[in-house]
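To keep things clear, I will list the structure first and then write my remarks on it.
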Amino acid sequence: MASVSVKNRSKIKTTILIASDVASWLCAISLMALVLMSSVKENNAGNWENSVVRGKQLHLSHNRPCDEIYVVGEGETLHTISDKCGDPYIVERNPHIHDPDDVFPGLVIKVVPSNHNKSLR
């Protein structure tokens with residue numbers, strides 16, 4: 001077999017070093033892209049799930065007018081929320097409401113939605 005000259009060995013080493021540098025840069029860029037994509041996904045999901053939904057904006061589904069956690073909207077009373085959600089026991093389920101007449105926008109209350117009352121109307 002023919003022996004490889006010193007000049008060819010040097011070219012082969014240089015080529016291998018360049019290829020390994022390119023491969024390591026591609027791995028680093030790919031890793032950064034994955035980290036950024038997962039960060040964007042978490043931020044978007046977090047914003048959607050934690051977005052504040054006020055009373056009258058809650059009509060996302062016609063079958064379910066209220067969620068279990070309800071944020072009181074402007075102009076709403078416990079009576080209107082009770083009628084809307086079909087839950088006559090809002091005061092009993094929310095011990096932090098000391099005065100039923102003192103309900104304000106942004107107040108978070110627990111509601112047990114009932115579709116039964118809505119179907120009777």
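Note the full-extension length gain between Glu92 and Ala28 as 0.36 nm times their separation in residues minus their Cα-Cα distance, in nm to one decimal. Don't skip to the end; give the middle numbers.
Working: separation 64, 0.36 × 64 = 23.04 nm, distance 5.72 nm.
Roughly 17.3 nm would be gained on extension.
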Report task. Give me the accessible area of Ile16, 1.4 Å probe, in Å² rounded to the nearest 10. Result -> 110
Report task. Sort Lys110, Lys84 by accessible area with a 1.4 Å probe, largest first. Result -> Lys110, Lys84
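Within the accessible area of region 1-40, what % is carbon and sulfur when the probe is 1.4 Å and the other protein chains stay in place? Show your work: numbers first, answer last.
Values: 2870 of 3770 Å².
Whole-percent figure for carbon plus sulfur exposure: 76.
Taking N as the number of residues in region 67-108, what is its Cα Rg relative to 2.2 N^0.38 Å?
Working: Rg = 9.3 Å, N = 42, 2.2 N^0.38 = 9.1 Å.
For region 67-108, the normalised Cα radius of gyration is 1.02.
Solvent-accessible area per residue for region 67-108 at a 1.4 Å probe radius, Å²? Could you put the intermediate results ahead of the total?
Numbers: 2560 Å² over 42 residues.
Result: 61 Å² per residue.
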Query raised in the report: To the nearest 10 square angstrom, how much accessible area does Glu68 have with a 1.4 angstrom probe?
Result: 100
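The values are calculated or read from the model by the stated rules, or taken from the named source; none is laboratory data. Only a predicted model underlies this, so the values are computations on that prediction, with no experimental measurement involved. Calculation scope for accessible area: heavy atoms of the full protein, side chains included, ligands and nucleic acids excluded. Shrake-Rupley method; radii C 1.70, N 1.55, O 1.52, S 1.80 Å.
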